[in-house]
Every structure is written in structure tokens, then in C-alpha cells.
Amino acid sequence: MTCHRGEPSETKEYQILKDAYLSGHLTVVRSILAGKSKERGLHPKESILYLKSLFYLKEWKEFFLVWKDSNIHPPELVLLYFKVLLLVGEDENVNEAELNQLMDLVMVSPEAILLYLRVKNHKISVSEKKLFLAQVNAFRNTLDVLEKELNRK
């Protein structure tokens, strides 16, 4: 599968696919995008929609194939990729670049920390552990502030 460069305009066809995805017609979205990927390749937004559909359909083999062929790996898909790795339990070789993408998300996602720990089988360095514990405290502080803001009248 090749991906076209650049951001596609919100075409009517893409909007229909997006609406179908959002309304739960994942099999339809998958079928259409699988066909498009064979015909002409996918735009980045289509690739993202395709991978998300495959994730929620639990089509792990196809997910891995599309992931490897795609150069589109936004943060949301990085998290989904590592979830699939753990769900499948395969010994997929995680390359350093992918692990670095996950590590980049540690500052904004507690889920990224959990995924990192599980992928590394809890074999982390002392400095990584200190970083993660500090980040957990930062998440707690943010949640406390959020709760106070929400409880304001």
C-alpha cells in the first residue's frame, strides 16, 4: 500500500466513509478502504481510518500489514499499535523508532506509560522509573486541578 503525500481535502467520499465509521459501519469502511489501497493507495486520513477500523474489528493480522506499509503513525495509532501487540501476544519485533514514538507519548498519556512497561516486560532503567513516577504525580496534580475546575459553580 502506498500513501499519497499531503492532506486530502474533505471530499464527499471521505466524509461518507468517516460518517460510516462514526456510526459503527466498520466492515463497510474496511472493505472500501481495502479496495482503495489496492487500487491507488490511501491518503493519510484514509490510512488512519482504515487502521482504526481494523483495530475495532479485531483484524490483527491485517492491522499489522497495513501498519507496516503505512508511514502514517500519529499518536493515537501508536497507542493502538502497542495495544494490538499486547493483545496478540506475538513476539512482534518492536523497532527502536516505534518504541521512541511510544516514549514520546509518556508525558501526555498515562496509558503510554502502561503500554511501555508491558512491552518492556517491566525491565526499565532506574532513570525511566523515576521519570514515570514523576509523570504519575504530574497526572495526579492535573486531575486534581481538573476536578476542582469541574466542581466550581
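Numerical summary
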quantity: The one condition in (1) over 20 Å from GLN101 (Cβ atoms); (2) surrounded by fewer than 16 Cβ atoms within 10 Å (Cβ to Cβ) that ASN71 fails to fulfil; calculated: (1)
quantity: Long-range neighbours under 8 Å by Cβ, at least six apart or interchain, first residue outside any helix (DSSP H, G or I) within segment 98-126, second surrounded by 15 or more Cβ atoms within 10 Å (Cβ to Cβ) and of a type outside the set (A, V, I, L, M); calculated: VAL106/TYR116; VAL106/PHE132; VAL106/GLN135; MET107/GLN135; ILE124/TYR116; ILE124/PHE132
quantity: Flag for ILE32 being surrounded by fewer than 18 Cβ atoms within 10 Å (Cβ to Cβ) and in a helix (DSSP H, G or I); calculated: no
quantity: Pick from segment 88-106, criterion exposed (fewer than 13 other Cβ atoms within 10 Å of the Cβ) and not charged (D, E, K, R), ranking: nearest to GLU59 (Cα to Cα); calculated: GLY89
quantity: Qualifying residue in segment 46-54 (condition: surrounded by fewer than 15 Cβ atoms within 10 Å (Cβ to Cβ) and either within 24 Å of PHE139 (Cβ to Cβ) or out of contact with any Phe, Trp or Tyr (no Cβ under 9 Å at 6 or more places or on another chain) (or both)); calculated: no
quantity: Segment 49-65, residues that are part of a helix (DSSP H, G or I) and out of contact with any strand residue (DSSP E or B) (no Cβ under 9 Å at 6 or more places or on another chain); calculated: LEU51, LYS52, SER53, LEU54, PHE55, TYR56, TRP60, LYS61, GLU62, PHE63, PHE64, LEU65
quantity: Some residue of segment 36-48 being aliphatic (A, V, I, L, M), within 20 Å of HIS73 (Cβ to Cβ) and at pLDDT 90 or above; calculated: yes
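The values are calculated or read from the model by the stated rules, or taken from the named source; none is laboratory data. Predicted model, so just to flag it, every value in this text is computed and none were measured. Every residue, glycine among them, receives a Cβ derived from its backbone with ideal geometry; neighbour counts consider all protein chains shown.
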